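Structure first, then comments.
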Amino acid sequence: MDPEIQKMKEVVLVYLDRSGGLQKFVHDCKKYNDSKQSYAVYRFIISINPSDIAELDATLGNYILHNPLQAAQIFQSVCFVAIKTLSLIEQLQTEAQISILLKPTHLPPLPSYILSLSAYPFNYTSQRFYMSEGIVIAMGTVTKYTQGARFLCTEETCPFSEGRFRCIRVHCPGATESATVRTDFVCSLCSSPLQEDMKFRVLGDKQIVEMIDAKILNALKGHSIDKSHFRIQAFTLFLRDELANKMTIGNHYRIIGIPACVQNGLQMTACIEVNSVQLYKPNGPSFVSDNFKYLLSLTSSSCWRFSAVLANIFASQVVPPGTYNTLKLAILLSLVQTCEKENADYLDLLIMTSDTLVIDRLLNYSLCLLPRGIRHPPSSDIFPSVSKDTHGTGSASIQACSAVLAKGGICYIGDLSSYKKDKLELLQSVLESRTTTVFIPGKKYGEEADQQVTVSVQTNFWSFVDVDSSSKKHIQKENFLIGQMDVSLIPVNLVDGFGLLIYNEFPSCRLSSPVVHHTLKKAINPEAMLHKVSQQFRTQDYEEFILFARNLHVELSSEAESLIQGYYLASRRVRRDSIHGSTLSASALKILISLAKAHAKLSLRKTVLEEDAVIAVLLLESSLTLKHGTSALCVAPNPVFPFDLSDENSLQQRDIYLMQCHHQLLKFIAAYSPGIHINTTEE
């Protein structure tokens, strides 16, 4: 035996003993031995820490990283000797029956160990460990593959025709099913055909996944601040056995695996045989820019001023400061209320507008502030769909979509009135449950029974309705209540599904002069900085601010909770009719809490105050007025920004106005929800 190989075997034994791997190996052997059943292949998973191995023996460490298949054979030999010496598995006959899967805990953080899914050339011939990352865009159903099989010689006089485990075929990374099991294998002794002994075939789970580089998100924003060009291609991942169903469609993962090339008919497909999977969650910034800190200190005298100034100057590259303030505040609230938690507080926006061009630009600009802001292309599906797997298995593959790719972000679906009835009904169902169900007919995809797969949809939806075009498509109602808008083109339940219904301040027939001037100047010079505030608060500063703010963990104060509950109960009593009961949807309480939390985050606070609850109530009441008409609370048409914010005096006037609204709200609660105790200034 080669002295170097012998030395590496000794190091393997020392490492397994020191790392606890030997104890785990003995435990795994006991489970096989207790079953009293003979297998063609006995599979063992051994966790490897490359750093620890390299400290024991650099040669073995290098061998594991760069020749993992050959290194597995060294571990196989050591494990076989251990089994025979300690009599761990009585049924085991030959070393070939042992299948070793090495799982490195990590790889060296060096460029040569990183496999970019968008870089060229794609090195799929080295058959060594690489680390890669990307987003799952398609997932197949779990099917079976052959881990190993026993073959016997068909020539009766041949020693290999006896019932011993001499001819064993074991799956190798990247190998197809035909490489493990087929009918043209021949005996190495007499060259007679080999025949599989079917009762010893060992099956495992296999799942095919499509992953793509995270740069795809920049291409799906519709407009990107980053102007660089790049090529993106999806790659196939094979998840086997314990890794099956370890990935979720739409999630971002880091993987360690061995690249390979699989032939499918006349085509060759580059793929990665995955060895380990880790969910990737990038850390948000731990700071905001100095300009935002200075602005926060300047506005610290009031809990309402900071968010008001933010909304006033937001998106000055697209619209002039001071315009569309209510809409911009709602956008900022929706942006900071994004995360990938299961029971997150969502905040969806539906905008009624005549200025579709300006609104579209504003929403597109806002999308780019998040890592996962997706503009839905009309030619594709909003929600997951099913297609046949293209890798020859014939099984079903669930394809990702705009809503799933926007996980933890925003899905902007454009003009709502352009969608057909079935799409709107599906959207309504998703808004209510935050899940969608994919139906997989078993007969079509080679399964015995039909399947239903539930996919979580964790994103905020933005959409708008063109008031001018919608009014031409249907006859408008005549019996409107005070403050009510005609939204009958869209189903009532769908409108209620959106957290906020907003009507922008400047209809196109009377566009403000600043908006017209801004639009014309931008058309002449798109790169021009038209406002000084655009230089002081750059787009990058807003990106960092929103990522910081949305990661804040906020909690409701008892005062804010009482105010929200009081308003909700009072509104349910006030907004009702004799036929349908209360017109206030059951989701209104969640929306109120989400709005209040979002305003606290936007103000960089960790506690939701009464002032945050006041803004939440005014925004929701304004939305309810557009849907159902005014109520006894009777808020102004633009309650959060009743007048322009031009100087310190206007901010002071707004504070006084909001304090009056707060007092009016307390009186409303006392009148229509007397069971709720609210602390007032008189007390």
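The values are calculated or read from the model by the stated rules, or taken from the named source; none is laboratory data. Predicted model only: the values in this text are computed from it and were never measured. In this analysis, Cβ positions are derived from the backbone assuming ideal geometry, glycine residues included, and neighbour counts consider all displayed protein chains. Note: areas computed on protein heavy atoms with side chains; ligands, DNA, RNA excluded. Shrake-Rupley method; radii C 1.70, N 1.55, O 1.52, S 1.80 Å.
Out of curiosity, is Ile100 open to solvent by less than 30 Å² (accessible area, probe 1.4 Å), touching a helix residue (DSSP H, G or I) at 6+ places or on another chain (Cβ under 9 Å) and β-branched (Val, Ile, Thr)? The answer is yes for Ile100. Of all residues being without any contact (Cβ under 8 Å) to a residue 12 or more places away in the chain and of a type outside the set (A, V, I, L, M, F, W, C) in the range 261-284, which is least open to solvent (accessible area, probe 1.4 Å)? Just the residue, please. So the residue we want is Gln267. Annotation: of all residues in the range 448-470 being among the aliphatic types (A, V, I, L, M) and surrounded by fewer than 17 Cβ atoms within 10 Å (Cβ to Cβ), the one that is farthest from Asn251 (Cα to Cα) is Ala449.
No other residue among Ser297, Ser301, Ser316 is farther than 22 Å from Thr146 by Cα, open to solvent by less than 20 Å² (accessible area, probe 1.4 Å) and not assigned by the TED database to the domain that holds Asn364 apart from Ser316. Looking at Ile48, is it open to solvent by less than 60 Å² (accessible area, probe 1.4 Å), without any contact (Cβ under 8 Å) to a residue 60 or more places away in the chain and either touching a Lys or Arg at 6+ places or on another chain (Cβ under 7 Å) or assigned by the TED database to the domain that holds Phe129 (or both)? So Ile48 passes the test. Quick check on the range 593-613. Is at least one of its residues touching a Gly at 6+ places or on another chain (Cβ under 6 Å) and either assigned to a helix (DSSP H, G or I) or among the hydroxyl-bearing types (Ser, Thr, Tyr) (or both)? There is no residue in the range 593-613 that is touching a Gly at 6+ places or on another chain (Cβ under 6 Å) and either assigned to a helix (DSSP H, G or I) or among the hydroxyl-bearing types (Ser, Thr, Tyr) (or both). Within the range 379-396, if we keep just the residues that are open to solvent by 30 Å² or more (accessible area, probe 1.4 Å) and either in contact with a Leu (Cβ under 6 Å, 6 or more places away or on another chain) or at pLDDT below 85 (or both), the residue that is nearest to Thr459 (Cα to Cα) turns out to be Ser380. Against the definition (surrounded by fewer than 20 Cβ atoms within 10 Å (Cβ to Cβ) and within 25 Å of Leu335 (Cα to Cα)), how does Ser562 come out, yes or no? So Ser562 does not fit the description; no.
If we scan the range 606-616, do we find a residue that is surrounded by fewer than 17 Cβ atoms within 10 Å (Cβ to Cβ) and modelled with pLDDT of 80 or more? Checked against the condition, which is being surrounded by fewer than 17 Cβ atoms within 10 Å (Cβ to Cβ) and modelled with pLDDT of 80 or more, the range 606-616 yields at least one hit.
Of the listed requirements (1) open to solvent by less than 10 Å² (accessible area, probe 1.4 Å); (2) in a helix (DSSP H, G or I); (3) over 23 Å from Asn493 (Cβ atoms), Ala330 misses just one: (3). Give the number of residues within the range 429-447 that are crowded, with 19+ Cβ neighbours inside 10 Å and of a type outside the set (A, V, I, L, M). Qualifying residue count, the range 429-447: 2.
Candidates Leu60, Leu13: the one that is in contact with a helix residue (DSSP H, G or I) (Cβ under 8 Å, 6 or more places away or on another chain), farther than 16 Å from Glu95 by Cβ and touching a residue at least 12 places away in the same chain (Cβ under 8 Å) is Leu60.
No other residue among Ile135, Ile89 is of a type in the set (Val, Ile, Thr) and under 39 Å from the mean Cα position of the chain (by Cα) apart from Ile135. Residues in the range 82-96: is at least one touching a residue at least 40 places away in the same chain (Cβ under 8 Å), within 27 Å of Pro259 (Cα to Cα), of a type outside the set (S, T, N, Q) and open to solvent by 20 Å² or more (accessible area, probe 1.4 Å)? Taking every residue of the range 82-96 in turn, at least one turns out to be touching a residue at least 40 places away in the same chain (Cβ under 8 Å), within 27 Å of Pro259 (Cα to Cα), of a type outside the set (S, T, N, Q) and open to solvent by 20 Å² or more (accessible area, probe 1.4 Å).
Among the residues making up the range 509-551, those that are at pLDDT 90 or above and buried (at least 16 other Cβ atoms within 10 Å of the Cβ) are Tyr542, Glu543, Glu544, Phe545, Ile546, Leu547, Phe548, Ala549, Arg550. Restricting Pro642, Pro674, Pro637 to residues that are touching a residue at least 40 places away in the same chain (Cβ under 8 Å) and either in a helix (DSSP H, G or I) or farther than 12 Å from Trp304 by Cα (or both) narrows the list to Pro637.
The residues listed here are Phe287, Phe292; of these, the one that is open to solvent by 10 Å² or more (accessible area, probe 1.4 Å), more than 26 Å from Phe464 (Cβ to Cβ) and of a type in the set (Phe, Trp, Tyr) is Phe287.
Scanning the range 596-627 for residues that are in contact with a Phe, Trp or Tyr (Cβ under 7 Å, 6 or more places away or on another chain) and of a type in the set (S, T, N, Q) gives a single hit, Ser603. Has the range 301-322 got at least one residue that is free of Cβ contacts under 8 Å to residues at least 12 places away in the same chain and within 19 Å of Asp655 (Cβ to Cβ)? So far as the range 301-322 goes, yes, one or more of its residues are free of Cβ contacts under 8 Å to residues at least 12 places away in the same chain and within 19 Å of Asp655 (Cβ to Cβ). Out of the residues in the range 349-369 that are in a loop (DSSP other than H, G, I, E, B) and surrounded by fewer than 22 Cβ atoms within 10 Å (Cβ to Cβ), state the one that is modelled with the lowest pLDDT. Ranking the candidates gives Ser354 first. Summed over the range 19-40, residues that are touching a residue at least 24 places away in the same chain (Cβ under 8 Å) and over 27 Å from Ala149 (Cβ atoms) total 3.
The selection criterion, being over 18 Å from Asp345 (Cα atoms), among the polar types (S, T, N, Q) and open to solvent by 10 Å² or more (accessible area, probe 1.4 Å), holds for Ser622. Screening the range 136-238 for strands (runs of 3 or more DSSP E) wholly inside it with 1 or more residues that are basic (Lys, Arg) and open to solvent by less than 20 Å² (accessible area, probe 1.4 Å) returns the ranges 143-153.
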